[in-house]
Amino acid sequence: MKNFTLLICFLLLTLGFAGTANATDDCGCKDSENALKNGNFESLDYWKKADGTHFRLDEAYNQCGRYNGLIDQSGYVYQEVAITGGSAINMSVYGGTHDVSKSHKFSLRFYDRNGYEIENERVTVDMDYQVTGNGRLKKFTLSKASVPANAVKVQFRFSASGGYFKIDVACMSITPPPTTADCCKDSENSLKNGSFEDGTNYWVKTQGTNFRQDDPYSICGKKNGLIEGAGTIYQEASLTSGTTVNVSVYGGTHDTGQNHQFKLEFYSSAGALIPVAETPQNLVQMNYKVTQEHKLQQYNLSERAPLGATKVRISVISGGNFFKVDVVCMTLTPPTTPPCETCTDNKLVNGSFENGVGDWTTVGNVFADATIAVCGSKSLILAGNGSFTQDFAFESSLGNAVTLNIFAAVKENRDQKIEVIFLDGSNKVLGTLTQQIDKLISSDPWGMQKYIIAGSIPVTTKIIRIKGSGSEDYLAVDGGCLTFSGPPLPVTLSAFNVKKEGTVATLSWSTTSETNSDHFEVQHSGDGKKWEVLDIVAAQGESKSLVPYSYTHTNPLASNLYRLRMVDLDGTFAFSTIKSLKFDGDAQLSVYPNPTTDRIVLNSSQAISSVKFYDQRGVLVMNALPDASNAIDVTKLSQGTYFVKINDGTLTRKILIVR
């Protein structure tokens, strides 16, 4: 009996030792070294489960401690950890199941700052170990040599399609990417004391901020900066609008649960904050947790100084606990502006606005400013609704073509434009060349863009007006250059008129100067789109005195447009202004449908005794009478344009027959 009792005691002790061996105190992963929380599943804390997943603690197959985790049947459980792009991940975890016919997996999934999983970067391991009676789980490993650059968090997930999935000792180590600790030479740094070797000098702290010099986490030199608790420090540097700001800075904290930030802001010469949309480039979340290696993580910020900025501020903002910072290095790259071009024989006065807005007629808020310029130190600014103009007295001897080169840009597209306007002696507009200004100041390359506005000069032009305008927002211009080219206009047209004389139109014009002129084409149109030559009138050729000309149009339409094409001996030509003339028949007769395919209907206030159709050569091609409904069959006509004469030409219409 005594021997039997001793045997039982021995067996109990043996089983006790065996159980202790399975649930070792040394889990192989200290909490301080594990990026995951509660990796030994001594509770369910910190682990999240998908809807419908039955996840609980279990004691049967614990690898370390008293409990392990257990998924009953299907589902998945996960935990997420903040991470920096370029980091390396190494992970070990123990798992097992009674049913290897079901799918059981471990996986690492990476997500960007918008919460989307980064494609093709997932790491997955099949958990295919079937547990045995020894009560042990099998060790599996997952790793990622370099986390995607845009990753901000990693998710460790274990999933089951059925059966039991037992898990224990999930241990994740994260190694930040190696840093090249460039100390940023003072001569290359726009900031002062960026490595905090000179204490807290040059850094401004907001009220209530506890900021001091520190030793343990220096990246460059022997010191780093340290904010204890919540607060902000900052430093400012001077710059010009359009300057590109790049900042490299190292940071770290013991508590990533607090909000820690690096931020770029811009201020005007009056000290006013200039709003800039917050982006991941100018507002960076510092989420690196320092380790025993006493290293900080490198972060980068970049932004272009907005219009009106004279200072940039880099702020280090702590939400609480400790915020360690070192090697704050800022580089400033001024914008590359287009070169000011030499303008020979410029007809504009003060085209670069170095004398302010003198010599320009302005409406609204128009001023000269040094914020953005190409030529000299100033440009003209139109802020809001308004305009600016300058008139030039034109002489035909200057040539037949004009070119305006001008630099311009806008903040936003709001129908801002530059115009070259041609006026006759009575200030009537003969034509306009228009250029919409669509170059955004903030777009690459920063600043203004060169625009070229060019075209032919109408013959009777006496004044050329340069005009800039906008209904709202902002327009900047500089370096305006107005020049002329081409041979002198062959004809100086002093007058061109048309008038009704009964049923005919009389055209009269005169010149005061002709040089190598050859002839005038008298052109006519009913719609302003298609023009025909009515006649060719020989020109004087050479003249310095007044020469009159005339032409009679015996077959006008109800609505008529006339112009002259003035041709030189070498083929050079120019057009006159367009004159219009209407006859009373316009209100007495209508023809429809027009265009037509088979028939037309005439609606006239007079009795219709005859209808004649003439082709464009003036040849009669059909003579007809309308039926009882005033309709005429036109299917015998070929496709084309015809003149219709009613009652021997008393009323006339030009119609388009389409078949």
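The values are calculated or read from the model by the stated rules, or taken from the named source; none is laboratory data. Model, not experiment: these values are computed from the prediction. For neighbour counting, all protein chains shown are included, and Cβ atoms are generated from backbone atoms with ideal geometry for every residue, glycine included.
Overview of values
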item: Strands (runs of 3 or more DSSP E) wholly inside region 489-561 containing at least 1 residues that are at pLDDT 80 or above and charged (D, E, K, R); result: 491-501, 504-515, 517-525, 532-538
item: Residue in region 184-199 that is modelled with the lowest pLDDT, counting only those that are surrounded by fewer than 16 Cβ atoms within 10 Å (Cβ to Cβ) and touching a strand residue (DSSP E or B) at 6+ places or on another chain (Cβ under 8 Å); result: Glu188
item: Unique match (being among the charged types (D, E, K, R) and buried (at least 16 other Cβ atoms within 10 Å of the Cβ)) among Asp535, Asp518; result: Asp518
item: Sole residue being in contact (Cβ under 8 Å) with a residue 40 or more places away in the chain, within 18 Å of Ser471 (Cα to Cα) and surrounded by 18 or more Cβ atoms within 10 Å (Cβ to Cβ), chosen from Val402, Val410; result: Val410
item: Pairs, first in the same structural domain as Ile437 (by TED's automatic domain parsing) in region 469-490, second aromatic (Phe, Trp, Tyr) and surrounded by 22 or more Cβ atoms within 10 Å (Cβ to Cβ), C-beta under 6 Å, six or more apart; result: Asp478/Phe407; Gly479/Phe407
item: Among (1) buried (at least 18 other Cβ atoms within 10 Å of the Cβ); (2) closer than 28 Å to Tyr288 by Cα; (3) free of Cβ contacts under 8 Å to residues at least 40 places away in the same chain - the single one Phe55 does not satisfy; result: (2)
item: Failed item in (1) more than 30 Å from Ser387 (Cα to Cα); (2) surrounded by fewer than 23 Cβ atoms within 10 Å (Cβ to Cβ); (3) of a type in the set (A, V, I, L, M), with Ala505 passing the rest; result: (2)
item: Number of positions in region 456-488 that are on the phi > 0 side of the Ramachandran plot and modelled with pLDDT of 90 or more; result: 1
item: Boolean, Lys467 is surrounded by fewer than 17 Cβ atoms within 10 Å (Cβ to Cβ), assigned to a strand (DSSP E or B) and out of contact with any Pro (no Cβ under 9 Å at 6 or more places or on another chain); result: no
item: Evaluation of Val125 against (1) in contact (Cβ under 8 Å) with a residue 24 or more places away in the chain; (2) part of a strand (DSSP E or B) (one fails), failing number; result: (1)
item: Count of region 50-87 residues which are within 30 Å of Gln285 (Cβ to Cβ), of a type outside the set (Asp, Glu) and in a loop (DSSP other than H, G, I, E, B); result: 6
item: Every residue from region 357-393 that is assigned to a loop (DSSP other than H, G, I, E, B), in contact with a strand residue (DSSP E or B) (Cβ under 7 Å, 6 or more places away or on another chain), on the phi < 0 side of the Ramachandran plot and modelled with pLDDT under 95; result: Val357, Ile372, Ala373, Val374, Cys375, Lys378
item: Pair list, Cβ < 6 Å and 6+ apart or interchain, from region 527-550 residues that are touching a residue at least 40 places away in the same chain (Cβ under 8 Å) and closer than 22 Å to Leu561 by Cβ to residues that are outside any loop (DSSP other than H, G, I, E, B) and among the β-branched types (Val, Ile, Thr); result: Tyr549/Val537
